[in-house]
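Single-structure report; data block below.
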Amino acid sequence: MDIPALSSLRATDSGRVGGKAAGLGELLAIGLPVPPGFVLPAGALSSLLSDRDGLARLLASLVEEHGLRRPFAVRSSAAAEDGPHASYAGQFVTELGVGSQNLAAAVERCARSGESDRAAYYTGRVKADESGGGTETASGDGAAAGEPVPISVIVQEQVPADLSGVLFTADPLTGDRESYLLDVVPGAGSALVGGETEPLSVRLSGDGMRTVNRPDWCDAALETRVLGLIAEIRSLGKAVTDHRAAPQDIELCVTTDNAVIPVQARPITSLPAPAHRDFALRFVPVTSADRAELGALTGLDKVRLRLIAEENDLAVGRAWIVRARPTAGSAGPDASTLPPALRDAPQISFVLQDPARLSGSIVRRFSAAGTRRQDLDGIVQLVGAAHDEFALIATEVRSAVQSGVARRFGDRVLVEIGFGAFVPKGVVTTSQYVCTLDGKVVQRELTLQERAFVIEDGQPRSVVAGRTPELSHRQIEEVCRAVAVAGAYYQQPSVEFGITSDGSFFLIDFVDEDAEGAAPEALNVIAPGRVSGRVIRIDDDHDLLMESLDFHFHTDRSDAAGSRPADDPVVVLARLPYLSLERFIRARDPRSVGFVFRNCSYLSHLSIVLRELGVPALVDAEAFDTLAADSVVLLDSASQTVGPVAPRQAGQGQTP
């Protein structure tokens, strides 16, 4: 029977274990100190509830297996719960302070709370509101009714809460995304969410904070204590909001030693849209002729790339700087006329440039021709809610039959090529060439590519490839010339490029790397080193792939502040170097992790990160196909091998 630990869950599991449990798994994934526990899926509970003694024995075994300590918190997790449109707040049973003897009874009460009239009524009303109509009960009183709600049940260690709080990472009344609201009460959170105790309320705006309500029970010392925790609470709220890309309603506890522990996070439902602001937009083409008008923005990477390309006769997609300033006028989309070429280009990428980030995040939006105006207005309103003046860059995304990346290592150039887009994201297999500086091939490794990814209507789409990507001698010479040009302007550049349907070469980007690095002696040694640890197999390629592309298409996610690294050494087996695999590095000491790939781009973004951080990584298809999860292996780049070791050697991490 599949009874997953909370730590194993992700958002894609919500249909199986409910929104609350999947949300807790997401919080654990970004390093937040959620109390440990497990979840009994609704599908499994239906057969367990008829056998109370059997349920009690199973729970005792699970508590021992997961090492949970009493008392327990028993909580509901429905598939529809904690969603973007319906929270189901307070509709199901939560039991706190549960001991071992009454754990089975508490689980049963929680599971059966989905059968209550209250939950059925709420479900019916939500469905009626979504459909724009209503349903009538059998009594004909006009109240909405719904079916019983299947409930998964979470069993966790209960946090010994000295204080409890709810943090909204946007103002629920105005929709202001730059204002956080925090309510705090003494003891358990039931007094706060149940409305039984008047809270201490604090508003967090920008870098400041202000107490907006101090009830009679709160003295000056307790208020000072809460205000002293604001920086940590703000970081927690930002980490969850950035990870989920939407304002959050976060329940948290504070222990006597001031540890801040999240126990739930869900989207804020019915959040008003921020007030529309009017901006005048000015479009400046990125060309040498407009250098004076571009001013200080000529130092930006995307601008500099195009000026260098123009000066060296290298093809590159067109770009425009979009300057925004507030203006008085009637509410509605900005009426500034888009340049025809910007309006009609099949694909455009809008990226915030000045300031470079919004609330710590890069802001990026891909746009198709048919939605160009509304996409531009959307990003203007997003940034304009926080800034009066700012600059975006709109870059033409040229269609590439093949795309690749190249870098110089001493007197050699390594070139990698694949069909479609996103080769540097590590989501497709590639063919590799080692060339002289003038483009003569000295080594090649050609690889069959099963699938590719293209950008259509502003989104990635998978297509069947089934061919081996290759470059002609002329194309390799053009790539090497671009590498030489980049080397005149950057210290250690990689060159990202595309090949059009007629075989023409064009630049996509120059990326300057931190580490100089030596020429690879073997392309299967992605990053040198030696590490022993437990095998973790990554089999859900599709989710990792889409998460990697999400970094490219949407606002970048920030790492969780204050995450606590795991210290159990592991060797991660993955089919490809998905950028999203970085989470395994962020979650632990880099010295206690290594990677084995079935196929890998030496110049992919993840490969670069692994070399910079000193995380060992190899390409070994046989090891990927044969090594079992949880076995203990030694990865050694010097011998280019990865294989089993005796269990007593496990846990040693990297060795000299």
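The values are calculated or read from the model by the stated rules, or taken from the named source; none is laboratory data. Values in this document were obtained by computation on a predicted structure and should not be read as measured data. Heads up, the Cβs are rebuilt from the backbone with ideal geometry, glycines too, and the neighbour counts pull from every protein chain shown. Please note that ligands, DNA and RNA were not included when accessible areas were found on the heavy atoms of the full protein model with its side chains. Shrake-Rupley method; radii C 1.70, N 1.55, O 1.52, S 1.80 Å.
Observations on the model:
- Residue selected from the range 273-299 under the condition open to solvent by 40 Å² or more (accessible area, probe 1.4 Å) and within 31 Å of the chain's Cα centre (by Cα), by the criterion farthest from Asp249 (Cα to Cα): Gly299
- Residue in the range 185-194 that is more than 28 Å from Arg70 (Cβ to Cβ), at pLDDT below 80, open to solvent by less than 70 Å² (accessible area, probe 1.4 Å) and outside any helix (DSSP H, G or I) present: no
- Residue check, Gly466 surrounded by 20 or more Cβ atoms within 10 Å (Cβ to Cβ) and touching a strand residue (DSSP E or B) at 6+ places or on another chain (Cβ under 9 Å): no
- Filter result (assigned to a loop (DSSP other than H, G, I, E, B) and either among the aliphatic types (A, V, I, L, M) or closer than 19 Å to Phe422 by Cα (or both)) within the range 483-514: Ala488, Thr500, Ser501, Gly503, Ser504, Glu513
- The range 235-271, residues that are in contact with a Leu (Cβ under 7 Å, 6 or more places away or on another chain) and closer than 21 Å to Ile379 by Cβ: Pro247
- Meets criteria (modelled with pLDDT of 95 or more, out of contact with any helix residue (DSSP H, G or I) (no Cβ under 8 Å at 6 or more places or on another chain) and closer than 25 Å to Pro460 by Cα) for Arg306: yes
- Listing of strands (runs of 3 or more DSSP E) fully contained in the range 392-482 that carry 2 or more residues being of a type in the set (Ser, Thr, Tyr) and on the phi < 0 side of the Ramachandran plot: 431-436
Rundown of residues vs (1) modelled with pLDDT of 90 or more; (2) open to solvent by less than 10 Å² (accessible area, probe 1.4 Å); (3) touching a Phe, Trp or Tyr at 6+ places or on another chain (Cβ under 8 Å), yes/no style:
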| site | (1), (2), (3) |
| --- | --- |
| Glu582 | no, no, no |
| Phe597 | yes, yes, yes |
| Arg611 | no, no, no |
| Asp636 | yes, no, no |
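- Top-ranked residue in the range 96-119 [being under 16 Å from Val149 (Cα atoms) and open to solvent by less than 20 Å² (accessible area, probe 1.4 Å); ranked as modelled with the highest pLDDT]: Val107
- Residues that are open to solvent by 30 Å² or more (accessible area, probe 1.4 Å) and among the polar types (S, T, N, Q), drawn from the range 437-460: Gln443, Thr447, Gln459
- From the list Val159, Val166, Val74, Val93, the one residue that fits, being within 28 Å of Glu198 (Cβ to Cβ), modelled with pLDDT of 55 or more and open to solvent by 30 Å² or more (accessible area, probe 1.4 Å), is Val93.
- In this structure, Arg277 qualifies as among the basic types (Lys, Arg) and within 28 Å of Trp320 (Cβ to Cβ).
- Restricted to the range 257-328, the set of strands (runs of 3 or more DSSP E) holding at least 2 residues that are in contact (Cβ under 8 Å) with a residue 60 or more places away in the chain, in contact with a Phe, Trp or Tyr (Cβ under 8 Å, 6 or more places away or on another chain) and small (Gly, Ala, Ser) is empty.
- For the range 366-385, a residue qualifies if it is of a type outside the set (Ser, Thr, Tyr) and farther than 17 Å from Asp354 by Cβ, and the qualifying residues are Phe366, Ala368, Ala369, Gly370, Arg372, Arg373, Gln374, Asp375, Asp377, Gly378, Gln381.
- All positions within the range 365-394 that are open to solvent by 20 Å² or more (accessible area, probe 1.4 Å), touching a residue at least 40 places away in the same chain (Cβ under 8 Å) and within 25 Å of Thr327 (Cβ to Cβ): Arg365, Thr371, Arg373, Gln374, Asp375, Asp377, Gln381, Ala385, Ala386, Asp388, Glu389
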